[in-house]
Amino acid sequence: MLITLVTIFPEMFPGPLAHSLTGKSLGKLWELKIINMRDFAPDKHKKVDDTPYGGGAGMVMKPDVVHNALKYALSFYDKPPKIIFMSPRGYVFSNQTAKELSKNQNGMIILCGRYEGIDQRVIDHWRKHHKLQEVSIGDYVLFGGEIPAMVVIESCLRFIPGIMGNSESVNDESFVLDLLEYSQYTKPAIWKEYNVPSVLLSGDHEKIASWRIAQSKQITQEVRPDLWKRFISRK
Ligand code: ADE
């Protein structure tokens, strides 16, 4: 799977994605191409932004620069990739979105915005002609889309066969069943004044499985009543 990032901070990548399971599989199960939007600025000062029409704080990224960078990114694909624009104004990303995005074998292009935003016309154009999707990682605002892009990439890669060491864990974890994950323990069995729950030492796999499900339910009810509601309404 080819993932192409379009950014004005190419040096931020691969960053954390070069480590752990994403790093080990980089160049084998997935490829990363990084496109510097500044290379597409037509003037000698490499200007990628300008003041907003109508006034106001901050700068807006120029439509021609973003458009030419996206066109260049698209030239690396034989079949249409998913095109994602990281923005706090987008649909909120979830594990379900990650699963759907990762199903597209053609890969994806991720556009990272900065400053106050990107000229709306280029977003509208790419939505209309290339099905660009605007995606937010949550209800908070960051300085730009680079860190959100890393979040999206890592969570999508978890669904690519062969990337996870243990293929079962991807289906076993929080959000897959609308339940948060049960608590985990390792050696030693006694640490400070805390004991590992005795059922986990029993060797009785059925009992352990039902204890874990009960735990998941209890934690979800306490911490995420919204998920709990969805879980019980699905039954
Ligand atoms: N850029 C700035 N904030 C963002 C967010 N919450 N999600 C995606 N992209 C962003």
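Every read-out reported here was derived from the displayed coordinates using simple, explicitly stated rules and does not represent laboratory data. This is a predicted model, so every value here is computed, not measured. When we count neighbours, we look across all protein chains shown, and the Cβ atoms used for this are built from the backbone with ideal geometry, even at glycine.
Within the range 140-165, restricting attention to residues that are in a loop (DSSP other than H, G, I, E, B) and among the β-branched types (Val, Ile, Thr), the residue that is surrounded by the fewest Cβ atoms within 10 Å (Cβ to Cβ) is Val141.
Yes/no matrix, rows are residues, columns are (1) in contact with a helix residue (DSSP H, G or I) (Cβ under 6 Å, 6 or more places away or on another chain); (2) closer than 19 Å to Ile3 by Cβ; (3) crowded, with 17+ Cβ neighbours inside 10 Å:
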| position | (1), (2), (3) |
| --- | --- |
| His45 | no, no, no |
| Leu74 | no, yes, no |
| Tyr77 | no, yes, no |
| Pro81 | no, yes, yes |
| Leu132 | yes, yes, yes |
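For (1) within 23 Å of His125 (Cβ to Cβ); (2) touching a Pro at 6+ places or on another chain (Cβ under 6 Å), each residue gets a yes or a no:
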{"position": "Gly58", "(1), (2)": "yes, no"}
{"position": "Asp64", "(1), (2)": "yes, no"}
{"position": "Ala69", "(1), (2)": "yes, no"}
{"position": "Met86", "(1), (2)": "yes, yes"}
{"position": "Arg89", "(1), (2)": "yes, no"}
{"position": "Gln96", "(1), (2)": "no, no"}
{"position": "Lys99", "(1), (2)": "no, no"}
{"position": "Lys103", "(1), (2)": "no, no"}
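If the condition is being more than 14 Å from the ligand (Cβ to nearest atom), in a helix (DSSP H, G or I) and more than 26 Å from Ala41 (Cβ to Cβ), then the range 60-97 contributes Asn95, Gln96.
Within 16 Å of the ligand (Cβ to nearest atom) and more than 13 Å from Thr4 (Cα to Cα): which single residue out of Gly113, Gly54 fits that description?
When all the criteria are applied, what remains is Gly113.
Check whether at least one residue in the range 139-147 is farther than 22 Å from Ala57 by Cβ and within 16 Å of the ligand (Cβ to nearest atom), and report yes or no. No; the residues of the range 139-147 include none that is farther than 22 Å from Ala57 by Cβ and within 16 Å of the ligand (Cβ to nearest atom).
Taken over the range 91-101, residues that are free of Cβ contacts under 8 Å to residues at least 60 places away in the same chain and either among the charged types (D, E, K, R) or under 14 Å from Leu2 (Cα atoms) (or both) amount to 2.
Hey, can you tell me all the residues within the range 106-139 that are in a helix (DSSP H, G or I) and in contact with a Phe, Trp or Tyr (Cβ under 8 Å, 6 or more places away or on another chain)? The answer is Ile123, Trp126.
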